[in-house]
Structures are given as structure tokens and as C-alpha cells.
Amino acid sequence: MIQTSKTDSVIAEIHRTRREISERFNGDIDAIAEDAARRLAESGRPVWQPKTANKASD
């Protein structure tokens, strides 16, 4: 008998949710991102913004 850990069930849930979202938008990553941005804007929740932009290292 193989026991699954709680971590395994959480990971399975994440994969299921990602698959459902992808199917809803026919795998169109731009549409997924636009929907996420729209829902975030509508939520009214604060979003952390860094004081300075990240700079690429040389």
C-alpha cells in the first residue's frame, strides 16, 4: 500500500487547477494573463510594488 503525503495532494490540486485554467482559455497564455490582471484590478486588493526596479547584473 502506497501512502500519499499531504504535500502530494496539494501538488495534485495545483496541477488540476492549472489544467482547468489552461483548458478554459484554450492554452492561450496571453488570455490567461489578461484575465488574471483584470481579476486583480477588480479585487481592490493592494499589490506590493518595489521602490526600485530590478537591474540586470553584468
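Answer with yes or no whether I29 is loosely packed, with under 10 Cβ neighbours inside 10 Å, free of Cβ contacts under 8 Å to residues at least 60 places away in the same chain and within 12 Å of the chain's Cα centre (by Cα). First the steps, then the outcome.
Details: loosely packed, with under 10 Cβ neighbours inside 10 Å: yes; free of Cβ contacts under 8 Å to residues at least 60 places away in the same chain: yes; within 12 Å of the chain's Cα centre (by Cα): yes.
Answer is yes for this residue.
Cβ-Cβ under 8 Å, sequence separation 6+ or interchain: first residue in segment 32-57 and closer than 27 Å to T17 by Cα, partner surrounded by 10 or more Cβ atoms within 10 Å (Cβ to Cβ) and polar (S, T, N, Q). Which pairs?
So the pair list comes out as I32/S22.
How many residues are within 18 Å of the chain's Cα centre (by Cα) and either among the acidic types (D, E) or modelled with pLDDT under 90 (or both) when one looks only at segment 8-17?
Step one: of segment 8-17, the residues within 18 Å of the chain's Cα centre (by Cα) are 9-17.
Then keep just the ones that are either among the acidic types (D, E) or modelled with pLDDT under 90 (or both); that gives 13.
The qualifying residues number 1.
The values are calculated or read from the model by the stated rules, or taken from the named source; none is laboratory data. Quick caveat: nothing in here was measured; it's all calculated off a predicted structure. So basically every Cβ, Gly included, is an ideal-geometry build from the backbone, and we count neighbours across all protein chains shown.
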